[in-house]
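Following: one structure in structure tokens, then a few remarks.
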Amino acid sequence: MKIGIVEDEAVWRDKIQTMIEKYCRDKSISSQISSYKSGKDFMKNADADLLFLDIELAEGEDGFEIAEQLMNLGNKCKVCFLTSHTELARLGYRVNAFRYIDKKHLEEIDEAIDFFLKTKIQDRIVSCNDTAGIRIKISLNELLLVETNGRKLRYLMLDGSEHLCEGRISEAARSLSRFGFFQIHRSYIVNLKYIEKVNSHEVTLCNGLKIVIGRIHSKEFKKEFFKWRMWFEN
């Protein structure tokens, strides 16, 4: 994980870096932390997954303008704004701000990194053997659902493509559960991220597909789905 810090005051820069280093050390997270005293210095490389960016920088630099440049360049890094003036936070909607951290409460850095790591939970690849015995790779971010197909498993992707693989749905449900997937029926595992609607007896996925919620799965599903929404949609 690459973390950037843009802060013109050395004292704050050091404090923030120390807190991030402690978090990564305590959580045994591999990270590369780079600090910059200006947005101009950062933009020479602009290489970070998560950026802690001061809103008010020296020499008239504006953190919002830097974030807007990143957005216009298609840079996908998440921006956590640092400020001593929390009233400025309301302007962050323009640049899809990830978080705001009051410099008086730097302990919020831990929460911001926690949340960032949760958003990356599906940024990984899993492998399985197809019906010809060939090992194939599946991106969890692109996986819509898994369903039983005879004695095989059908992996349906967002683009409509599919993979027919060996395996049992119970084993697939166990291995995928920690990545935001849930078995809502004896024949279906769904990606919680792509659920558009939920009612008492079925879910509707982003492609319009409706899937019945199994009676024995209903209570646990609702609990997990609520947790997912709390994590990723607040």
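Exactly one residue among ARG124, ARG99, ARG94 is more than 30 Å from VAL190 (Cβ to Cβ), modelled with pLDDT under 90 and under 23 Å from the mean Cα position of the chain (by Cα), and that residue is ARG94.
Looking only at residues in segment 178-196 that are aromatic (Phe, Trp, Tyr), touching a strand residue (DSSP E or B) at 6+ places or on another chain (Cβ under 6 Å) and surrounded by 21 or more Cβ atoms within 10 Å (Cβ to Cβ), the one that is nearest to ARG168 (Cα to Cα) is TYR188. In a residue-by-residue description of segment 43-52, the property of being touching an Asp or Glu at 6+ places or on another chain (Cβ under 9 Å) and farther than 16 Å from ALA97 by Cα applies to no position. Filtered by the rule that a residue be within 18 Å of ASP123 (Cα to Cα) and touching a helix residue (DSSP H, G or I) at 6+ places or on another chain (Cβ under 9 Å), segment 165-188 gives LEU176, SER177, PHE179, GLY180, PHE181, PHE182.
Quick check, is LYS152 surrounded by 13 or more Cβ atoms within 10 Å (Cβ to Cβ) and touching a residue at least 40 places away in the same chain (Cβ under 8 Å)? Here the answer is no, as LYS152 does not meet what is asked. Might you let me know whether segment 19-32 holds any residue that is in contact with a strand residue (DSSP E or B) (Cβ under 6 Å, 6 or more places away or on another chain) and either part of a strand (DSSP E or B) or basic (Lys, Arg) (or both)? Yes, because at least one residue in segment 19-32 is in contact with a strand residue (DSSP E or B) (Cβ under 6 Å, 6 or more places away or on another chain) and either part of a strand (DSSP E or B) or basic (Lys, Arg) (or both).
The values are calculated or read from the model by the stated rules, or taken from the named source; none is laboratory data. Nothing here was measured: the structure is a model prediction, and the numbers come from that model. Don't worry about glycine lacking a Cβ; one is built from the backbone with ideal geometry, like all the others, and counts go over all protein chains shown.
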